[in-house]
Amino acid sequence: MQAMGIDIGGSGVKGAPVDLDTGELTAKRRRIKTPRPSTPQAVIEVVKEVVDHHGWTGPVGVTVPSVVIGGVVHSAANIDDGWIGFPAEQAFEDALGVDVVVLNDADAAGMAEAHYGAARDHAGVCILLTFGTGIGSALLVDEVLSPNTEFGHLEFRGMEAEDYAAARLVERDHMDVGWWASRVNEFLQHIDRIFSPQTIVFGGGISKRFDDFSHLFDTKADVVPAELRNNAGIVGAAMAAAGRIDV
Ligand code: BGC
């Protein structure tokens, strides 16, 4: 079975159809810059362009960098405030004319890694963290998701954790990667203390450099790099569209 996944991020909107037997994209993903301001209407137009580009008429899953409950968006840390309270699922269905499921981006990535990637066959408590503009989180217990955990907004060292350790500090603000990784290590140790996960999956674009800094991590949990890299959100969104994630 195939479904289309769309991943809305702070910098790009990416989408492709996904083969759900293998977790692989069946066409080259289409990426369009996230409009600024990233209002719901502007982003919906771009999502429609991505879906039309693929000539897709089946179910679509859409991720947003926000808390999502019952298809309604409840937070907007790195996206326009107009999303707060926005009935996104209904609006996407109206615009696209197909069935749509909307969910949090890190939750989608976590489920994708649990089925096809780094967290496959990991029993017990597994936490996926995505390091990008913000820090996203997915909490899985025996591959069952507890949605909308938002660990990036835990208060840490007097600020929100994502202001202390998101990858934007390296990618945009030019912090030394070793210095940043030692901050990440402190945050991972904090997660260790509170949740005692067996596995932490380290995701986000910067995970491709995992081998450069993972020696700085000293945690009880096993920290493993994400395998689906930048496609995890798309794959998880497609899984949700196919009814394979309860959100
Ligand atoms: C948002 C989360 C999101 C994460 C990664 C955070 O700022 O609050 O919902 O998962 O960024 O995009």
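Any residue in region 184-195 that's closer than 16 Å to Gly158 by Cα and assigned by TED's automatic domain parsing to the domain that holds Tyr164: show its pairings with residues that are of a type outside the set (D, E, K, R) and in a helix (DSSP H, G or I) at Cβ separation under 6 Å, as long as the two are six or more apart or on different chains.
Close Cβ pairs satisfying both conditions: Val184/Ala165; Phe187/Ala161; Phe187/Ala165.
List pairs: first residue in region 95-117 and among the charged types (D, E, K, R), second residue away from the ligand (no atom under 16 Å from the Cβ) and outside any helix (DSSP H, G or I) anywhere in the structure, Cβ distance under 9 angstrom, at least six positions apart or on different chains.
Partner pairs satisfying both residue conditions: Asp99/Gly58; Asp99/Pro59; Asp99/Val60; Glu113/Ala119; Glu113/Arg120; Glu113/Cys126; Glu113/Glu227.
What residue, of Glu24, Glu45, is within 18 Å of Asn231 (Cβ to Cβ), assigned by TED's automatic domain parsing to the domain that holds Ala237 and either modelled with pLDDT under 95 or acidic (Asp, Glu) (or both)? Explain how you work it out, then say what you get.
Values: Glu45 fails: within 18 Å of Asn231 (Cβ to Cβ).
Answer to the check: Glu24.
In this structure, does Leu103 turn out to be under 16 Å from the mean Cα position of the chain (by Cα) and buried (at least 19 other Cβ atoms within 10 Å of the Cβ)?
Answer is yes for this residue.
With respect to Lys33, determine if the residue is among the charged types (D, E, K, R), away from the ligand (no atom under 16 Å from the Cβ) and more than 19 Å from the chain's Cα centre (by Cα).
Taking the combined requirement at face value, the residue does not satisfy it.
Which members of region 91-107 meet the condition of being in contact with a helix residue (DSSP H, G or I) (Cβ under 9 Å, 6 or more places away or on another chain) and in a loop (DSSP other than H, G, I, E, B)?
Once the filter is applied, which keeps residues that are in contact with a helix residue (DSSP H, G or I) (Cβ under 9 Å, 6 or more places away or on another chain) and in a loop (DSSP other than H, G, I, E, B), region 91-107 yields Val98, Asp99.
For the condition assigned by TED's automatic domain parsing to the domain that holds Asn78 and closer than 25 Å to Ser11 by Cα, what is the one hit in Val100, Val170, Val177? Write out each step before concluding.
On the way: Val170 fails: assigned by TED's automatic domain parsing to the domain that holds Asn78; Val177 fails: assigned by TED's automatic domain parsing to the domain that holds Asn78.
After applying the criteria, what remains is Val100.
Looking only at region 52-65, how many residues end up being touching a helix residue (DSSP H, G or I) at 6+ places or on another chain (Cβ under 6 Å) and either in a loop (DSSP other than H, G, I, E, B) or more than 16 Å from the ligand (Cβ to nearest atom) (or both)?
Residues that pass the stated criteria total 3.
Starting from residues that are surrounded by fewer than 18 Cβ atoms within 10 Å (Cβ to Cβ) and in a helix (DSSP H, G or I), keep the ones in region 74-90 and report whichever is farthest from the ligand (Cβ to nearest atom).
The qualifying residue farthest from the ligand (Cβ to nearest atom) is Gln90.
Tell me the residue from Gly97, Gly71 that is more than 14 Å from the ligand (Cβ to nearest atom) and crowded, with 18+ Cβ neighbours inside 10 Å, please.
Answer to the selection: Gly71.
Every residue in region 36-51 that is of a type in the set (Gly, Ala, Ser) and within 16 Å of the ligand (Cβ to nearest atom), please.
Within region 36-51, Ser38 is the sole residue that qualifies.
The values are calculated or read from the model by the stated rules, or taken from the named source; none is laboratory data. Since the model is a prediction, treat every value here as computed from it, not as a measurement. Cβ sites come from the backbone with ideal geometry, for glycine too, and all protein chains shown count toward neighbours.
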